[in-house]
Amino acid sequence: MKKVAVVNGAYGGLGFQIVKDLVKEDFFVVMLGRNPAKLLNAYNAIDTEDKLMISSDMLDDQNHKKISQV
């Protein structure tokens, strides 16, 4: 069973680099971000099947429920 990592701000800068590093370490990565277009571009740039993207604003409490159900 793979380890799972959840990365907020996964489409740019440090967050995107963390995603790439975790994929190299064989993690299943859940990519979070507020901007759907940027998140989709980053998601498509990651070369693995072991990923999931969720566009959401973590400042919104309703999104916490959505993330926890994944």
For this session: Take peptides 4-15, 28-39 and line them up by average Cβ neighbours within 10 Å, highest first, as a rough protection proxy.
Result: 28-39, 4-15
For this session: Would you please classify the overall shape of the range 1-60 from the alpha carbon gyration tensor, given that a ≥ b ≥ c denote the square roots of the eigenvalues, rounded means a/c under 1.5, and beyond that prolate means a/b larger than b/c while oblate covers the rest?
Result: prolate
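The numbers here are math on the coordinates, done by the rules we state, and not lab data. If you're wondering where the values come from, they're calculated on a predicted model, not measured in any experiment. We place every Cβ from the backbone using ideal geometry, glycine too, and count neighbours over all the protein chains shown.
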